[in-house]
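Comments concern the structure below.
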């Protein structure tokens, strides 16, 4: 007979594996499936559904699925590695950078559900192994060790991502835990487990030995080097190139528009990347440059290979940080601020619909640029913006923030543009033909609450609606097929609604902390860890205390959500770092703690822990779909949606409000 200690150890290991594999798939698939990094939250949705299905299967069948994990995972990796897969990303009123440079793949409406199902299958096998162990322990005991394993999985994978380990390292860790957990005892099971693991390790071993490949905290970066420096592709899409020449119109136009002929005394470059912008600034006599770049591994590559060695110049100070976060923390002003080609090509760690650079383009960001300029200061931004309406949006944003129209120079006549604006109009010498005027077709600026500059109008694009509709339909059919009649989950409808609301709260926290502290890998890891720690504390409290009437914590939860809605997240930006952190944690994690006290009190007495937990996980998957409503509502109003969902949980679970001591 297996002892409780052995069961807890196994549960921690499997939950570590679950989170580790989920994060690894988000990273690896985003780097190998072209443009999937723009849709990596689909992988998150598939993970939630898969784990939920694994729990439902544990109540329906004695056949354990964990031993099939190597086969499912190996098949997915081998297929993606050997068959080019592209998620079509061009077209419509939503811009995807790089989409014009590669051939389109299958329709997104089919490709995204296919990725979703493949991930769900892998996680269903792992989830079933967790469920089999889970139900052999007391409900809250199992839940607590599930969370501990998940927290360790996040910490472990985050650390490996930071130091730049290749996929072979991730797969060796996953393979070791799988082999230890499954422990095949006959020839058939040894073959079922061993052969796919060897194929998996061989495939990723070959990939990891590829020359000129870096796994940064954000991307799979492929690079080449010639006499002009390095050329970098991230996640298969061209990102930046280095050049020896400083005579490029896109760089020089900014200096041509400066009203003063004196060299720039103090310059801030956000998105320093390749170093080209810095080399041009130094060539134009800049006396000091603050260079901000979010990816430390790409920065090291740029320092090593740029032929002009701009990062070696003593006038240049480098800062590895998110550009908006660096600006908000800065206590100095600059004569010139450059927003230099910041197009990240990926979402914020697969947990939301915002991209790494989204908070650089809001009207609040433009106001921050203005406030950090000297009296003779100038702000400039440039890129190949792909669409004329995006140029107009950014011009309108600058016009509102600075109080006068910017100078807009379109180098290709349409979308390769340089936007320049002075703190006062006389700081910029703008050619008459480049003076921008707003038209009725100009899209409105975006805000910190709805930071989607690449979406022309507040809406959910049709392809999202179709893909998400298919995902929900397939999920419903799979839940019915695996879990049996849906009425069997009726007793856990309140736990389902809690799962939906919880995912919305978690997403809101990710984007809130991204704004307040930066969209860096470290901030995102802290948010996920903070969420899990809050839940663990709620479980520990619930193990020691019984809340006899859940109406009280429901009321406190509603109050915490309303307080979070009433306090705009941008209002915290003016606080010093420590008070800002304390306030942000209180606003973000208080609702999560209270909600999970309610969940734990309700969950402790459920007669079928696996079905109850599955209902909660499937609810979380639905919450991930509802997160797309932020494209219309903004992230602040997701709190109101969460409040409605917790009200639905209260009403549907009203017969469980009084708990036995």
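No lab work stands behind these numbers, since they all come straight from the coordinates. Predicted model only: the values in this text are computed from it and were never measured. Glycine gets a Cβ as well: all are built from the backbone with ideal geometry, and neighbour counts include every protein chain shown.
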Longest principal axis of the chain (C-alpha) makes with the long axis of helix 462-483 (C-alpha) an angle, in degrees to the nearest 10, of 10 degrees
For a bin width of 10 Å, list the pair-distance distribution of the range 480-556 built from all Cα-Cα distances, rounded to whole %. 15, 32, 30, 20, 3
Rounded to the nearest 10, the angle in degrees between the Cα long axis of helix 139-162 and the longest principal axis of the Cα atoms of the chain comes to 30 degrees
Rank-order 202-208, 442-448, 615-621 by packing density, defined as the average count of other C-beta atoms within 10 Å over each peptide's residues, highest first. 615-621, 442-448, 202-208
R0 of 30 Å, Cβ-Cβ distance residue 329-residue 226: FRET efficiency to nearest 0.05: 0.20
Rounded to the nearest 0.05, what FRET efficiency is calculated for residue 62 and residue 3 with R0 set to 30 Å and r the Cβ-Cβ distance? 0.85
State whether the range 281-331 is rounded, prolate or oblate according to the following rule on the C-alpha gyration tensor (a ≥ b ≥ c being the square roots of its eigenvalues): a/c under 1.5 gives rounded; otherwise a/b larger than b/c gives prolate, and the remaining case gives oblate. oblate
With a point put 7 Å past each Cα toward its Cβ, work out how far residue 655 is from residue 198 in nm, to one decimal. 5.5 nm
With the 8 Å Cα cutoff and a minimum separation of six or more residues, the range 241-346 has a relative contact order in percent of 33 percent
Hey, quick one: spin label on residue 545, modelled 7 Å out along Cα-Cβ, who in the range 554-589 has an amide N within reach, i.e. under 15 Å? 554-557
Estimated FRET transfer efficiency (residue 559, residue 481; beta-carbon r; R0 41 Å; 0.05): 0.50
For the Cα atoms of the chain, what angle does the longest principal axis make with the long axis of helix 551-566, in degrees from 0 to 90, nearest 10? 10 degrees
Net length gained if the chain between residue 440 and residue 260 were fully extended (0.36 nm per residue, minus Cα distance): 61.4 nm
Counting only helical runs of four or more DSSP H residues, what would the 222 nm mean residue ellipticity of the chain come to if each run contributes -39,500 (n - 2.57) and the total is spread over all its residues? -18500 deg cm²/dmol
Computed over the range 541-623, the Cα gyration tensor eigenvalues, each multiplied by 5 and square-rooted, give semi-axes in Å (largest first) of 30, 15, 11
Log10 I(q)/I(0) at q = 0.13, 0.14, 0.27 Å⁻¹ for the range 123-172, from Debye over equal alpha-carbon scatterers, is -0.43, -0.48, -0.99
Protection-proxy order for peptides 355-368, 399-412, 559-572, 297-310, each taking the mean of Cβ atoms within 10 Å per residue, highest first: 355-368, 297-310, 399-412, 559-572
Specify the inter-centroid distance of the range 21-56 and the range 130-201, based on alpha-carbon positions, in whole Å. 16 Å
Using log10 I(q)/I(0) by the Debye sum over Cα atoms at q = 0.08, 0.12 Å⁻¹ as the read-out, say which of (i) -0.61, -1.27; (ii) -0.79, -1.41; (iii) -0.65, -1.15 was calculated from these coordinates. (i)
Per the rule of 0.36 nm per residue minus the C-alpha distance, extending residue 309 to residue 633 adds in nm 112.0 nm
Over all alpha-carbon pairs in the range 438-492, figure out the percentage whose distance exceeds 20 Å. 54 percent
Quick one: grab the alpha carbon gyration tensor of the range 315-462, order the square roots of its eigenvalues as a ≥ b ≥ c, and give me rounded if a/c is under 1.5, else prolate or oblate depending on whether a/b is larger than b/c. oblate
Please sort 325-333, 210-218 by packing, taking for each peptide the average over its residues of neighbouring beta carbons within 10 angstrom, highest first. 210-218, 325-333
